[in-house]
Structures are given as C-alpha cells and as structure tokens.
Amino acid sequence: MSMSMSMPMADIDSINHIGMAVRDLSRASRCFEAMGFQLTPWSAHAGAWKPGEPVKPLGAGNRCVMFARNYLEILASEHADQPSPRIAGYLQHHQGAHIICFNSEAVEAVDARLVAAGVETSGAIPLQRDIDTPEGVRTARFQRVQFAPNDSPEGYIQAARHLTPQYIYQPQYIAHPNGCTELRDTLLVTDDLAHFAVKYRQYTGQQPQQQDGAMVFHLPGFSRLSLIPLSKVSTWLPGSLLPPLPGVAAVSFHCPDLQAQQQRLLRAGFTVLQVGERLLVPAEEACGLAILFER
C-alpha cells in the first residue's frame, strides 16, 4: 500500500511540545505559576539514544504546562551536583527553548520521508518516563525521530508519537488558573529566512504563508510555527531578549480573557507589553523564553 493511501492526514499534524532548559527549576516553576499556569509534578526521564540500545535513566527530567493536546516542557538536571550532559549542553548555549517536537502518529513514515529527501535522522527511537497518575506510577512511552542531528543550530528538532497519551494528558493537569487552553504558536528567529522556510517546508510537508514579514506554517491539525527574520523582530517581539540565532525566541498560549490575564501578570510584577492583539512577557522575565498570550 502506498504511503499516501495508508495515511489519511499529513504525517506531521501539529506541534506536540516545546522544550526549554532552565538552571533553577524551582525558580522557573514559581515564574510560570505566577503567570497562572499549573505545572505537573517532577518526572524523571529515561530513554535510548540509538535504535536497539537499552532504555536507561538520563539524569534529567521535567515539569510541564499541559493542555488537552500539547504542552510546554520545562527541563532541568535531576541532581544539581550531577548535571545531565544534555541539559548542561543546552545551558552552555543559553537558558531558554531548545526543542521543537512535532506531533506525528506515523513516526516511521516521517523518518522514511526525510531520509528519502536526503535529511539525516536519528531513526525512530523509544523513550519513556515514569509519571504519577491517580492509579499510581505509570510508565509513559513514546517514539521519536530527530531531524538533522548534526545540522540544527536552532535546537533539537524532532517528531514524536505518544504511545500512552492517557498518562500524559491527565485531566487534573490541563486546567489553569489563567484559563489558557493551548500552546498556539512557536516563534523561531533566524537571520536566513529563505533557508529556514525551505528547511521547515521539507520537515513539515506544509507550505508557509507570508505574514508581517514572517513565514508562518499553519499545521493541519492545530498550532503554528512562525519563522521570524531578524529584521522583523521589533514588530513581533519588541523589547524582549533573543536567544543566540537561530533560535526559538517565544511561544504563545491561547488565553480567552486577555484583560484578566494582563491584570494577573501586572499584579505578579511582570512587564507586560501589548503587541497587536497579544500580550508579551519578555524572555528575560520568563527564564529565557518570551511568553505571548493571544485569543
């Protein structure tokens, strides 16, 4: 059976999560809680880095801002006195976002498509992490494939499939005091827009649209990836610290009541900038990742 006949949708349908690395998880947790988010409990990571290798502890873990369909992952070393090499590597580059993970229900198909197009990949690799659930500790399992491991200066770019989504998207964690319901947009700043537009068109299999000088990928399930040229940063992210370029500079969340959220942020002491119809908390006040709120 052909690939197109066996797949009713594109093999990448949305952004599953954005991952950021932080130096101080307690501080980051307080920051996101002050913005009105509920965070999941600490979850340690285990995995294999190559196909066929055994799954083992990775020395790092996360707390997440979960929604019904996607999430923001806040990563840190499990033990401060024994830093995870992966987290230490991220932080040596910068504190902030390092991971774009697309969602796929057909990771092997994504891998085959990219390899056929001449893109180096990691192959499909198993991952797992233990998660507290109302029924006790359960092991969440994933598949993932990394794109261009040796040619991704913007970060760790991958697609993943949740094999046990019921352990990830737990109802008690997806409701937030600020009312946010979704990670909506991911903003990647680059000084070579043409190259990145071609690259992410190849990665996603989608055509971008021009918007305010940027190239925006509206993914077929939900969520967006916006490639922002350096020349337009003052329009999209005025007054916010940027990561080393190219890099993920911001994410946006769907927030039904922007007025109430603006008041919440101001009461908590955040700088709040109005950017069109969005609210912006600068990256320097959110552990290296600018946070936008939009309807």
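A short reminder: the numbers here are calculations on the coordinates, not readings from a lab. What you see is a predicted model; the values in this text were computed from it and never measured. When we count neighbours, we look across all protein chains shown, and the Cβ atoms used for this are built from the backbone with ideal geometry, even at glycine.
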Given Cβ charges of +1 for Lys and Arg and -1 for Asp and Glu, the option among Met215, Thr40, Ala10 whose Cα lies farthest towards the positive end of the dipole of the chain is Thr40
In percent, how large is the relative contact order of the range 158-258, given Cα pairs closer than 8 Å and 6 or more residues apart?
38
Per residue, the convex hull enclosing the Cα atoms of the range 66-128 spans a volume in Å³ of 136
Residues meeting the amide H criterion for Asn16 (H placed from the backbone, H to H distance under 5 Å, 5 or more places apart or on another chain) are Cys101, Phe102, Asn103
To the nearest µm²/s, what D does Stokes-Einstein give for the range 199-295 at 25 °C and 0.890 mPa s, using the Kirkwood radius over alpha carbon pairs as Rh?
171
By how many nm would the segment from Thr181 to Phe222 grow when fully extended, if each residue of separation counts as 0.36 nm and the alpha-carbon distance is taken off?
13.5 nm
Cβ charges +1 (Lys, Arg) and -1 (Asp, Glu), total dipole of the chain, debye:
220
In vacuum, with every alpha carbon of the chain counted as one equal point scatterer, what does the Debye formula give for log10 I(q)/I(0) at q = 0.09, 0.11, 0.13, 0.15 Å⁻¹? Two decimals, please.
-0.41, -0.63, -0.90, -1.24
Just to check I understand the Karplus step: with θ = phi - 60° and J = 6.51 cos²θ - 1.76 cosθ + 1.60, what whole-Hz values come out for the range 185-199, glycine and proline as x?
9, 10, 10, 10, 9, 9, 9, 9, 4, 4, 5, 5, 5, 5, 4
Given R₀ = 30 Å, what would the calculated FRET efficiency be for Asp24 paired with Gln210, taking r from the Cβ atoms and rounding to 0.05?
0.15
In debye to the nearest 20, how big a dipole does the range 3-173 give about its Cα centre with +1 on each Lys and Arg Cβ and -1 on each Asp and Glu Cβ?
220
Projected convex hull area of the range 3-173, Cα atoms, direction-averaged, in nm², equals 10.8
Could you tell me the calculated FRET efficiency between Gln166 and Glu33, based on Cβ-Cβ distance and R0 = 30 angstrom, to the nearest 0.05?
0.75
Given the DSSP H assignment, sum -39500 (n - 2.57) over each helix run of at least 4 residues in the chain and divide by its residue total; what's the result at 222 nm in deg cm²/dmol, nearest 500?
-5500 deg cm²/dmol
So how strong a dipole does the range 65-136 carry about its Cα centre when Lys and Arg Cβ are +1 and Asp and Glu Cβ are -1, to the nearest 20 debye?
280
Residues with amide H under 5 Å from that of Ala60, placed H, sequence gap 5 or more:
His45, Glu78
